[in-house]
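Written below as structure tokens is the structure these notes are about.
The values are calculated or read from the model by the stated rules, or taken from the named source; none is laboratory data. Quick caveat: nothing in here was measured; it's all calculated off a predicted structure. When we count neighbours, we look across all protein chains shown, and the Cβ atoms used for this are built from the backbone with ideal geometry, even at glycine. Heads up: the accessible areas ignore ligands, DNA and RNA and are worked out on the full protein's heavy atoms, side chains in. Shrake-Rupley method; radii C 1.70, N 1.55, O 1.52, S 1.80 Å.
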Amino acid sequence: MDKEEHPKTNGETILVSACLLGLPTRFDGKSKHSQDVLDYLQREKLTPIPVCPEQLAGMATPRDKTFFQSGDGQAVLAGNGEAVSENGRSMNALFCRGAKMTLEIARLSGCCRALLKEGSPSCGVHRVYLGEDKVAGVGVTSALLLNTGMDVISEEDLK
Ligand code: SF4
């Protein structure tokens, strides 16, 4: 996305993982409300656009937990990674759909920035789960947004 199209002004829009804003969108039906995130949005005078890529893909809440079996979000987009549910189902297609839906919302709302939930297979920015292990990597949605030139950070970058 061309950042020149969306100059930074007060009230600039920013995509935010819905769970960080307190919405119960997580796989376990809970939220990850973050006061740090709310404080940051207020301090920076940003207008949050809540997104949950997994719900946007049509997945139910609660839903099976997903983790990477190989690679990360970039690898999934490139066709050589695998995200699987705890029941062993391939989640690649659904996670790619959620990423595309989220990118579409970014375009419609003029977002060139995103603040997403660390560690998630969709929203992770610096780390994801490879099986049980937390490893360096990026979620599928974060990967797609980064590939379009968006500025993507996680709640951990606010500390
Ligand atoms: S997909 Fe992203 S927004 Fe949705 S619950 Fe998981 S971390 Fe939160």
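At a glance:
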{"read-out": "Test: residue in the range 128-144 that is within 18 Å of L46 (Cβ to Cβ), of a type outside the set (S, T, Y) and part of a loop (DSSP other than H, G, I, E, B)", "value": "no"}
{"read-out": "Residues satisfying the stated conditions in the range 30-76, i.e. farther than 25 Å from L158 by Cβ, among the hydroxyl-bearing types (S, T, Y) and more than 16 Å from the ligand (Cβ to nearest atom)", "value": "S70"}
{"read-out": "Residue check, A75 over 26 Å from R43 (Cα atoms), open to solvent by 10 Å² or more (accessible area, probe 1.4 Å) and not acidic (D, E)", "value": "yes"}
{"read-out": "When residues of the range 78-91 are limited to those that are open to solvent by 30 Å² or more (accessible area, probe 1.4 Å) and at negative phi, the one farthest from the chain's Cα centre (by Cα)", "value": "N87"}
{"read-out": "Verdict on K100 being within 17 Å of the chain's Cα centre (by Cα) and within 19 Å of G137 (Cβ to Cβ)", "value": "no"}
{"read-out": "Total residues in the range 12-28, condition near the ligand (Cβ under 9 Å from one of its atoms) and open to solvent by less than 30 Å² (accessible area, probe 1.4 Å)", "value": "6"}
{"read-out": "R43 touching a residue at least 24 places away in the same chain (Cβ under 8 Å), surrounded by fewer than 14 Cβ atoms within 10 Å (Cβ to Cβ) and within 24 Å of E12 (Cα to Cα)", "value": "no"}
